[in-house]
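Quick note: the coordinates plus some simple rules give every number you see, no bench work behind them. Keep in mind the model is a prediction, meaning the values are calculated, not measured. As a convention, Cβ positions derive from the backbone with ideal geometry for all residues, glycine included, and neighbour counts pool all protein chains shown.
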Amino acid sequence: MSEAAIRDINTVFGFWTSRPVDVSLETLCGILDKHKVTRAATLSTVGVFVDSRRGNDRTWQAAQEHPQLLPVATFDPRGGIGCLGEMAERAEQGFRIFALFPETQGWSLDHACCAEVLRLAGETGIPVMAEAASPGAPTRIGRLAEQYGVRVILSQVSLRNLGETMMVMKSTPNVFVETHILASSDGIELVVDEIGSDRLLFGSGAPLQYFSSAYLRLRFADLTASDKAAVLGANFARLLEQT
Amino acid sequence: MPIIDIHAHYGNWVWPVRAQALDEMRAQMKRFAITRACVASSVAIMGELAEGNAAVAEAVAECEDLRAWCVINPNFLELSLEQIQKYVRQDRCVGAKMHAAYHMQPLHSPLTEQLVKAMLRYDKPLLVQVRGEADLAGLDALAAQFPSCRMIIGNMAGPHWQIAARLARTRTNLVLDCGGPCADRDKIAYAMEQAGPNRVVFGTDQPLAHPVFSIGAVRDAALSPAQKDAILQGNAQRLFGL
């Protein structure tokens, strides 16, 4: 099989507060180069843990210095209404995707700001990637996605909530899933069989996660070459690179 | 590089994962150079101890490349003691497995003490799946009480792997199973750093995780080829006498 172009929807750089792991920009770029990743969506973890404005500035700067990086803007609803103003600025600046971290940051999807963030994202047409590790999270995010017409990428879906996620994907055509911990023996194949391959996006979680775990999972998936290429990169390109 | 998978499953699950027939499982093992897999019954883990353990025992009797874990559950003490007596003495049984997320009992209790005492006569390890920090503390206490019983921390306790690794540093009868669906990038090197070169083993958790998910993790780990080989097969060969 000739190698499909790899585009990775889920990477970060900076630091990770709860682990002494090297997730520097240099380390991220090294991993991407080693595995010949054509393009990677990424964000500075300063935006997740400390200050979204500073984080988004760093993300933008990193993308200017490293053209293979596609900048992701993140907003923290815990700060309240202020994040909404920044959303418009970042959309204007050229960010093509937003990300939310309700589980890492400890806020509920029922948070009033979350709805506003998704509503605004829907108006701009910019997709939003959101953590959805817990059972119930895919359903709640899916409802918001349907309500506001925003394309949502569910992150951290695992076997634990895969059944639920597939139901949400079936009923809500603007819900996508990234694959970094979709690790089960036939989870990816089940989604492709039931839903199709066009809403699955390869994510590695690098450099927080071993790149090869998610990548080999997809490389050895029991899929057609065309489905594999779609998940590995073509869906990313269609969602984020084509105007 | 041949691989020994110390932590796999056989049977159906409540999750959307297809139960593999034996020949499918073995074909997949062959595809990824897994020469031996130690399997526990999913049905037994979920509560039907006798039926599940019997099915696995029957499967491994036919297959040279498979070994069995005897699943035990402190909620069914007498039955578990019978299961230990029936299966753990068999050559193709590698030890006993407890899964705290299903049995929901403290890991250090009069019940688990009886189970471990029953295991001592066989000199085979216990594979323990924990839920979190409280279970790890219980396992540590159990390991301290029974220093001659090797206890393997299944999947290195998932997201709590840092705690699991630090326990293994001081408790020399604890062994770390470094596979499973948690692919944190610093996990495996940290396991080796804490537990040393001989007490980290490889388990896939399949079919709950695809074998290549864990194989990819070892591949990317910041370790030497010799260390990776020890994890993938050498340590398990020694631990199980394979």
Would you please put A:10-22, B:148-160 in order of how densely packed they are, using the mean number of other Cβ atoms within 10 angstrom per residue and starting with the highest? B:148-160, A:10-22
Among B:Ala118, B:Pro2, B:Gln194, whose Cα lies farthest out toward the positive end of the dipole of chain B, if unit charges sit on the beta carbon of Lys, Arg (+1) and Asp, Glu (-1)? B:Gln194
Counting pairs on different chains as well as pairs 8 or more places apart, how many Lys pairs in region B:1-147 have Cα atoms under 17 Å apart? 5
Exposure proxy order (Cβ contacts within 10 Å, fewest to most) of B:Cys178, A:Cys83: A:Cys83, B:Cys178
Two-site FRET efficiency, B:Ala144 against B:Asn75, from Cβ-Cβ distance with R₀ of 25 Å, rounded to 0.05: 0.60
Counting only DSSP beta bridges with both partners in chain A, the antiparallel fraction in percent, to the nearest 5, comes to 5
Could you work out, for chain A, what percent of all Cα-Cα pairs fall into each 5 Å distance bin, beginning at 0 Å and stopping at the bin that holds the largest distance? 1, 7, 15, 20, 21, 18, 12, 5, 1, 0
Please average, across the residues of B:67-77, the number of beta carbons from any other chain that are within 10 Å of each residue's own beta carbon, and give a whole number. 0
Could you work out, residue by residue across A:156-165, how many beta carbons of other chains sit within 10 Å of that residue's beta carbon, and then give the average as an integer? 3
Using only DSSP helix segments of four residues or longer, with each worth -39500 (n - 2.57), what per-residue ellipticity at 222 nm results for chain B after dividing by its residue count and rounding to 500? -12000 deg cm²/dmol
Within the under-13-Å Cβ sphere about B:Tyr102, not counting B:Tyr102, Lys/Arg +1 and Asp/Glu -1 give a net charge of 0
Per the helix-only model, chain A has a calculated mean residue ellipticity at 222 nm (DSSP H runs of ≥4, -39500 (n - 2.57) each, divided over all residues, rounded to the nearest 500) of -12000 deg cm²/dmol
One finds, for A:Gln64 and A:Thr224 with R0 = 30 angstrom and r their Cβ-Cβ distance, a FRET efficiency to the nearest 0.05 of 0.20
Let's see if you can work this out: charge +1 on each Lys and Arg Cβ, -1 on each Asp and Glu Cβ, no other charges. What is the dipole magnitude of region A:91-241 about its Cα centre, in debye to the nearest 20? 120
If you take each beta carbon of peptide B:176-185 and count the beta carbons of other chains within 10 angstrom, what is the mean? 5
Between B:Gln105 and A:His35, what is the FRET efficiency for a Förster distance of 35 Å, r being their Cβ-Cβ separation, to the nearest 0.05? 0.20
For B:Ser224 and B:Leu22, compute 0.36 nm times the residue count separating them, minus their Cα-Cα distance, and round to one decimal in nm. 69.3 nm
What number, in percent, do you get for the relative contact order of chain A if the mean sequence gap of Cα pairs under 8 Å and at least 6 apart is divided by its residue count? 20
Below 12 angstrom from the Cβ of B:Ala59, what's the summed charge of the other residues (Lys, Arg +1; Asp, Glu -1)? -2
Cross-link candidates for A:Lys36: which lysines have Cα within less than 21 Å, leaving aside residues fewer than 8 places away along the same chain? A:Lys228
Between the modelled labels at A:Ala115 and B:Gln114 (7 Å from Cα along Cα→Cβ) the distance in nm is 5.4
Apply the a/c threshold of 1.5 to the C-alpha gyration tensor of region A:141-243 and tell me whether it is rounded, prolate or oblate. rounded
Could you work out how much longer the chain between B:Trp15 and B:Arg31 gets when fully extended? Use 0.36 nm per residue separation minus the Cα distance between them, nm to one decimal. 3.3 nm
Magnitude of the Cβ-charge dipole (Lys and Arg +1, Asp and Glu -1) of chain B about the Cα centre, nearest 20 debye, reported as 520
Centroid-to-centroid separation of region B:181-203 and region A:11-69 [C-alpha atoms, Å]: 25
